[in-house]
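*Asks:* Dumping the structure here so I can ask a few things about it.
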Amino acid sequence: MKYNRILLKLSGEALMGRQQYGIDAERLMQYAEEVRAVAQLGVQVAVVIGGGNIFRGVQAEAFGLDRVQGDYMGMLATVINSMALQSALEKLGIPTRLLSGVTIQRVCEPYIRRRALRHLEKGRVVIFGAGIGSPYFTTDSAASLRAIEVEADVVLKGTRVDGIYTADPEKDPSATRFPQITFDEVMEKNLNVMDMTAFTLCKENNLPIIVFDMNKEGNLLKLVQGETVGTLVTMSGTPTPDADVEPSLAPDLKQASSTQAEQA
Ligand code: UDP
């Protein structure tokens, strides 16, 4: 397997399928089956789901509500989606745990990093609900943060588009897809991958992101098996971490580390 531990980010909107609101049962089962396929191979899977199919904090004003209250409503919406995915996975025989950033003790465990790690080590699919548990954040930020905390190898951002394009492919038919891109290029070109907080967290922690089409059957499996799917975002734009070191620098670095070892 290319990745041992992944963090899969799914948007709430994707769960709507062809509906206008809420959860599409068929789509939910499809996602659960995709997750099962990789979990059964021994890949440790953590999942963050958004809540946009139910409520987003930014909608609060339109309802005449307080923004912070709206954000908490959004967080609770993610817990509803997480519970649905948990149930779908368990129906398929996959052990799961739902850990929430907001304490809701009847239905989920509180988020405790060490507990999350233990669950992952035991092969349970860990679903992180309620984002990071604070208003003014998004579930993309939660995905980046939790991925860093549990030392995931990669953030897999499942969307309905098959990667990062030069422009929005749904609006501009001439848009082309990047197979790979660097964090810096994404920022220079002002491409919309994740919100800035989420993106910066990944960049600063050298955590690769892959944006891919989650609705295409088998894509998640292909990704963990190392096939090129979607767009890979890294420091250097190349797939292997070793390639992040410029070849011309590598011998010097080796020398520096062996000198340090000798001195020690
Ligand atoms: N939210 C929040 N803090 C978080 C995560 C989410 O306040 O850490 C709220 C926020 O209002 C957001 C909503 O929950 O709009 C639903 O999450 P998001 O918009 O990220 O869902 P998605 O767009 O992925 O469906």
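The values are calculated or read from the model by the stated rules, or taken from the named source; none is laboratory data. Just so it is clear, the structure is predicted and the values come from calculations on it, not from any experiment. A quick note on method: Cβ atoms are made from the backbone with ideal geometry, for glycine too, and the neighbour counts reach across all protein chains shown.
*Asks:* Hand me the list of strands (runs of 3 or more DSSP E) wholly inside the stretch 124-216 holding 2 or more residues that are acidic (Asp, Glu) and in contact (Cβ under 8 Å) with a residue 60 or more places away in the chain.
*Replies:* Hits in the stretch 124-216: none.
*Asks:* Determine which single condition ILE148 fails, assuming it passes every other condition in (1) surrounded by fewer than 21 Cβ atoms within 10 Å (Cβ to Cβ); (2) away from the ligand (no atom under 16 Å from the Cβ); (3) under 19 Å from LYS2 (Cα atoms).
*Replies:* Condition not satisfied by ILE148: (2).
*Asks:* Looking at MET75, MET83, which is the one that is closer than 29 Å to LYS216 by Cα, under 18 Å from the mean Cα position of the chain (by Cα) and surrounded by fewer than 20 Cβ atoms within 10 Å (Cβ to Cβ)? Step through it out loud before you land on a result.
*Replies:* Values: MET75 fails: surrounded by fewer than 20 Cβ atoms within 10 Å (Cβ to Cβ).
None of the others qualify; the one that does is MET83.
*Asks:* Of (1) more than 11 Å from the ligand (Cβ to nearest atom); (2) surrounded by fewer than 23 Cβ atoms within 10 Å (Cβ to Cβ); (3) more than 16 Å from LEU10 (Cα to Cα), GLY133 satisfies all except one. Which?
*Replies:* Checking GLY133 against (1) more than 11 Å from the ligand (Cβ to nearest atom); (2) surrounded by fewer than 23 Cβ atoms within 10 Å (Cβ to Cβ); (3) more than 16 Å from LEU10 (Cα to Cα), the one that fails is (1).
*Asks:* Pick from THR96, THR78: which is over 29 Å from THR234 (Cβ atoms), touching a strand residue (DSSP E or B) at 6+ places or on another chain (Cβ under 6 Å) and of a type in the set (Val, Ile, Thr)? First the steps, then the outcome.
*Replies:* Numbers: THR78 fails: over 29 Å from THR234 (Cβ atoms).
Only one candidate passes the filter, namely THR96.
*Asks:* Test VAL126 against the criterion of being within 22 Å of LEU221 (Cα to Cα), surrounded by 23 or more Cβ atoms within 10 Å (Cβ to Cβ), within 14 Å of the ligand (Cβ to nearest atom) and modelled with pLDDT of 95 or more, and give yes or no.
*Replies:* Numbers: within 22 Å of LEU221 (Cα to Cα): yes; surrounded by 23 or more Cβ atoms within 10 Å (Cβ to Cβ): yes; within 14 Å of the ligand (Cβ to nearest atom): no; modelled with pLDDT of 95 or more: yes.
Here the answer is no, as VAL126 does not meet what is asked.
*Asks:* Criterion first (without any contact (Cβ under 8 Å) to a residue 12 or more places away in the chain and either more than 30 Å from THR228 (Cβ to Cβ) or touching a helix residue (DSSP H, G or I) at 6+ places or on another chain (Cβ under 8 Å) (or both)) does GLN105 satisfy it? Break it down into steps so the answer makes sense when it comes.
*Replies:* Values: without any contact (Cβ under 8 Å) to a residue 12 or more places away in the chain: yes; either more than 30 Å from THR228 (Cβ to Cβ) or touching a helix residue (DSSP H, G or I) at 6+ places or on another chain (Cβ under 8 Å) (or both): yes.
It is true that GLN105 is without any contact (Cβ under 8 Å) to a residue 12 or more places away in the chain and either more than 30 Å from THR228 (Cβ to Cβ) or touching a helix residue (DSSP H, G or I) at 6+ places or on another chain (Cβ under 8 Å) (or both).
*Asks:* Please specify each residue of the stretch 105-137 satisfying the condition of being on the phi < 0 side of the Ramachandran plot and either within 12 Å of the chain's Cα centre (by Cα) or of a type in the set (Gly, Ala, Ser) (or both).
*Replies:* Initially, the stretch 105-137 is screened for residues on the phi < 0 side of the Ramachandran plot, giving 105-122, 124-129, 132, 134-135, 137.
Selection gives ALA116, ILE127, PHE128, GLY129, SER134.
*Asks:* Taking the stretch 20-44 as the search range and keeping residues that are in contact (Cβ under 8 Å) with a residue 12 or more places away in the chain and within 15 Å of the ligand (Cβ to nearest atom), which one is farthest from the chain's Cα centre (by Cα)?
*Replies:* Among them, the one singled out is TYR21.
*Asks:* Taking the condition under 24 Å from ARG56 (Cβ atoms), surrounded by fewer than 22 Cβ atoms within 10 Å (Cβ to Cβ), within 16 Å of the ligand (Cβ to nearest atom) and not polar (S, T, N, Q), does VAL107 pass? Lay out the reasoning, then the answer.
*Replies:* Working: under 24 Å from ARG56 (Cβ atoms): yes; surrounded by fewer than 22 Cβ atoms within 10 Å (Cβ to Cβ): yes; within 16 Å of the ligand (Cβ to nearest atom): no; not polar (S, T, N, Q): yes.
So VAL107 does not fit the description; no.
*Asks:* All but one of (1) at pLDDT 95 or above; (2) surrounded by 15 or more Cβ atoms within 10 Å (Cβ to Cβ) hold for ARG115; state the number of the condition that does not hold.
*Replies:* (2)
*Asks:* Separate question: If you scan the stretch 180-207, which residues turn out to be at negative phi and surrounded by fewer than 14 Cβ atoms within 10 Å (Cβ to Cβ)? Steps first, answer last, please.
*Replies:* First pass over the stretch 180-207, keeping only residues at negative phi: 180-189, 191-205, 207.
Matches in the stretch 180-207: ASP184, GLU188, LYS189, ASN192, MET196, GLU204, ASN205.
*Asks:* Return the total of residues in the stretch 45-102 being in a helix (DSSP H, G or I), more than 9 Å from the ligand (Cβ to nearest atom) and under 26 Å from GLU149 (Cβ atoms).
*Replies:* 11
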